[in-house]
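Engineer: I have a structure I would like to understand better, so I am pasting it below and will then ask my questions one at a time.
The values are calculated or read from the model by the stated rules, or taken from the named source; none is laboratory data. Since the structure is predicted, the reported quantities are computational estimates derived from the model, not experimental observations. Neighbour counts run over all protein chains shown; Cβ positions are idealised from the backbone, glycine included.
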C-alpha cells in the first residue's frame, strides 16, 4: 500500500508476471477544494464529502496549474490513460 499526495511523481516497475496488478484508489479532499475541470453533478460531488459542509465557494490559493488540461486519448483506468505516453521511465533499460 502507498499513501501519497496526488501531485507527487510516483510509479512502479512494469508488471511482468502472469497475474493482473490490482488497484484500489481512495480520494480525499476538503469540501471546498473543487476539481480543476469543474463539477458535473453537484449531488454526487456533495455526497462524497466525508467531513465538512457543502459549499458553492471553492477555496482559491495560488498554485502552479497549467490549463487547459488535455484529455488522454485513451479514457478509462490510470493504465489506459498511460498508453499514450511513449516514455516508460520505470521500465528496465534495454541491454
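Engineer: Of 58, 54, which residue is in contact with a helix residue (DSSP H, G or I) (Cβ under 7 Å, 6 or more places away or on another chain), surrounded by 10 or more Cβ atoms within 10 Å (Cβ to Cβ) and modelled with pLDDT of 75 or more?
Structural biologist: Working: 58 fails: in contact with a helix residue (DSSP H, G or I) (Cβ under 7 Å, 6 or more places away or on another chain).
After ruling out the rest, the residue left standing is 54.
Engineer: Tally up the residues in segment 36-46 that are out of contact with any helix residue (DSSP H, G or I) (no Cβ under 7 Å at 6 or more places or on another chain) and not in a helix (DSSP H, G or I), please. Can you show your working first?
Structural biologist: Step one: of segment 36-46, the residues out of contact with any helix residue (DSSP H, G or I) (no Cβ under 7 Å at 6 or more places or on another chain) are 36-38, 40-46.
With not in a helix (DSSP H, G or I) added as a condition, the list becomes 36-38, 40-41.
Here the count works out to 5.
Engineer: Continuing with the same structure: If you go through segment 33-83 one residue at a time, how many are on the phi > 0 side of the Ramachandran plot and within 15 Å of the chain's Cα centre (by Cα)?
Structural biologist: Narrowing segment 33-83 to residues on the phi > 0 side of the Ramachandran plot: 38, 52, 76.
Now narrow it down to the ones that are within 15 Å of the chain's Cα centre (by Cα): 38, 76.
Qualifying residue count for the region: 2.
Engineer: Could you check segment 15-35 and list, in sequence order, the residues that are surrounded by 12 or more Cβ atoms within 10 Å (Cβ to Cβ) and either touching a residue at least 24 places away in the same chain (Cβ under 8 Å) or in a helix (DSSP H, G or I) (or both)? Steps first, please.
Structural biologist: Taking segment 15-35 as the starting set, the residues that turn out to be surrounded by 12 or more Cβ atoms within 10 Å (Cβ to Cβ) are 29-34.
30, 31, 32, 33, 34, listed by residue number.
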